[in-house]
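Scroll down for the structure; my scribbles are underneath it.
The values are calculated or read from the model by the stated rules, or taken from the named source; none is laboratory data. Just so you know, these numbers come straight off a predicted model, no measurement behind them. Counting neighbours? That spans all protein chains shown, and the Cβs are built from the backbone with ideal geometry, glycine included. Surface areas here come from the heavy atoms of the whole protein model, side chains and all, with no ligands, DNA or RNA. Shrake-Rupley method; radii C 1.70, N 1.55, O 1.52, S 1.80 Å.
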Number of protein chains: 2
Amino acid sequence: MSMARPRSTQAHEKVLNAALELFAERGIETTSMDAIAQASGVSKATIYNHWTDKEALLLEAMLMIHGLDREPEDVDTGDIQRDLTTVLTRKPPDKCDAVRNRLTPSLIAYSAFHPEFGREWRHRVTEPPRQCIKRILRRGISRGQFPADLDIESAVALLLGPMLYAHIFNKEDPSRKPDLGPISAANFWRAHSQNRKDRVAEQGIKKPTPRSKER
Amino acid sequence: MSMARPRSTQAHEKVLNAALELFAERGIETTSMDAIAQASGVSKATIYNHWTDKEALLLEAMLMIHGLDREPEDVDTGDIQRDLTTVLTRKPPDKCDAVRNRLTPSLIAYSAFHPEFGREWRHRVTEPPRQCIKRILRRGISRGQFPADLDIESAVALLLGPMLYAHIFNKEDPSRKPDLGPISAANFWRAHSQNRKDRVAEQGIKKPTPRSKER
DNA sequence: AAACTGAACTGAACCGTTCAGTATTGTTTT
DNA sequence: AAAACAATACTGAACGGTTCAGTTCAGTTT
């Protein structure tokens, strides 16, 4: 009934940290449990006492590093453009950020070949910021600042894609690393904002300015 | 001096094809040479006669599938917008395309942890289309259709990023899979085109830039 | 004569399990 | 309060069974 000795949270965290570091440095599939045990200083037997699987460990490690920064997810200053920029520029604490970024390529591949894990990753990690952006976009539409027929799903890709791209392809090239967050936001804003100075109508329903957006 | 029996190009290609298929289906690191031998119908001894390494095989397979579509890399119809859209929409033959797309996540991860291979991948595969886009952008700048201070590197990320993003994150969600090529091109065009009268009403975030500056 | 096959083989790594011994905790008794 | 106890966690090392990259080789085909 009474647990005589509680699990050492110290050991638990040491393992998680070591696992994250190794996953980020050498990749998920190529990091062995023995390596994690050795790096963490926790015996492998104990690791398998805390987690059933390598995948279970990976899952908790991933949720841990992506859950450390539970910021107020929503942003609404009234200025849609500013909100967009804020969300795209938002970054986790420096320490996390490095690990998270180095982890991304592995997660992309691992998720591609482990659909279950992939769903979890997208659902728990990549979806929240997406939702945040979607809310802002919908607000923009209802305020008439974006066209009513804006495809939100495509818009999210337009906003976030450039950052992902830069992260993957400009990694080795230190010459080209401007922060794409504000750039991408500005790019999108200039392309879709209907807030021209001759049009100040704020009420949402307006005649859609005929955009030859095809289709 | 003269080889009594030439290497079977048939075997060579069977191995390459089988390797590509397996790499795409199960990932690079988790595909064994034995599996490739069995799937190709070529004995493992022969495979190691044709390639020194698993990595050598991977490299040639990658170059093969990305070299099959040597199209006229350059596009210049005079209409910058059309050229951009064309390049972003351009696709390899259907057969290749499926394999290439499924291969991408693995290549991202493998390149992240094998810098040498990564350089080769970027240089031989991802760089050519980038260069093509850059040429178009420079042409647009020199013709005054884009602002002279446009950061080309960021612009490429703005154009290609959304497609990469959609490819990675919208894979499992069949509801939203519009072709982002034209959308991304239109998005960029609307944000940066300077000499269209449908955009002059935009409030001047950008100052009227001076004439073309050579780079 | 060289390329092929099929099969065996090496050496190393891997995951996950087991186990005897030890350390650390909560509980009970003195 | 101190000592004894019971229950559990941890260690370190080993082990089984598998998988892998790469090699070797006797025999077959071209």
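With charges only on Cβ, +1 for K and R and -1 for D and E, what is the dipole size of segment A:9-62 about its Cα centre, in debye, rounded to 20?
Details: 4 positive and 8 negative charges, 31 e Å.
Its charge dipole is roughly 140 debye.
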task = Measure up A:177/B:171; A:134/A:171; A:91/A:177 against 19 Å on the Cα-Cα distance and list the ones that go over.
result = A:177/B:171; A:134/A:171
request  = Evaluate the relative contact order of segment B:9-66 (contact order divided by residue number), counting alpha-carbon pairs under 8 angstrom at least 6 apart; express in whole percent.
outcome  = 42
request  = For segment A:135-142, just list the computed ³J(HN,Hα) in residue order, Karplus coefficients 6.51, -1.76 and 1.60, θ = phi - 60°, integers in Hz, with x standing in for Gly and Pro.
outcome  = 4, 4, 4, 4, 4, x, 5, 5
ask   = Can you give the charge dipole size of segment B:88-166 about its Cα centre, rounded to the nearest 20 debye, using +1 on the beta carbon of Lys and Arg and -1 on the beta carbon of Asp and Glu?
value = 340
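Within segment B:15-118, list the trypsin sites (Lys or Arg not before Pro) lying in a DSSP loop whose Cβ has at most 15 other Cβ atoms in a 10 Å radius. Show your work: numbers first, answer last.
Numbers: sites: B:26, B:44, B:54, B:70, B:82, B:90, B:95, B:100, B:102; in loops: B:70, B:90.
Qualifying residues, ordered by number: B:70, B:90.
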Coil-residue trypsin sites (Lys or Arg not before Pro) of segment B:135-183, DSSP, other Cβ within 10 Å capped at 16 = B:143, B:176
request  = Taking only protein heavy atoms into account and a 1.4 Å probe, give the accessible area per residue of chain B in Å².
outcome  = 53
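Where nothing but the Cβ of Lys and Arg (+1) and of Asp and Glu (-1) is charged, how large is the charge dipole of the protein assembly as shown around its Cα centre, in debye to the nearest 20? Before the final figure, lay out the partial values.
Values: 68 positive and 58 negative charges, 312 e Å.
That gives a dipole near 1500 debye.
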query = Quick one: helix B:152-169 against the long Cα principal axis of chain B, what's the angle to the nearest 10°, folded into 0 to 90?
reply = 50
query = Largest first, what is the accessible-area ranking of B:114, B:123 with a 1.4 Å probe?
reply = B:123, B:114
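If you filter segment B:55-164 for GluC sites (Glu not before Pro), then keep DSSP loop positions with at most 14 other Cβ within 10 Å, what is left? Show your work: numbers first, answer last.
Values: sites: B:55, B:60, B:73, B:116, B:120, B:153; in loops: B:73.
In loop regions of segment B:55-164 (DSSP not H, G, I, E or B), the sparsely surrounded GluC sites (Glu not before Pro) are B:73.
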inquiry  = Just to check I understand the Karplus step: with θ = phi - 60° and J = 6.51 cos²θ - 1.76 cosθ + 1.60, what whole-Hz values come out for segment B:49-54, glycine and proline as x?
reply    = 7, 8, 10, 6, 8, 5
request  = Can you bin segment A:95-177 into rounded, prolate or oblate? Criterion: square roots of the alpha carbon gyration tensor eigenvalues sorted a ≥ b ≥ c, rounded for a/c under 1.5, prolate for a/b above b/c, oblate for the rest.
outcome  = oblate
message = Placing +1 on the Cβ of each Lys and Arg and -1 on the Cβ of each Asp and Glu in the protein assembly as shown, which of B:52, A:168, B:144 has its Cα farthest towards the positive end of the resulting dipole?
response = B:144
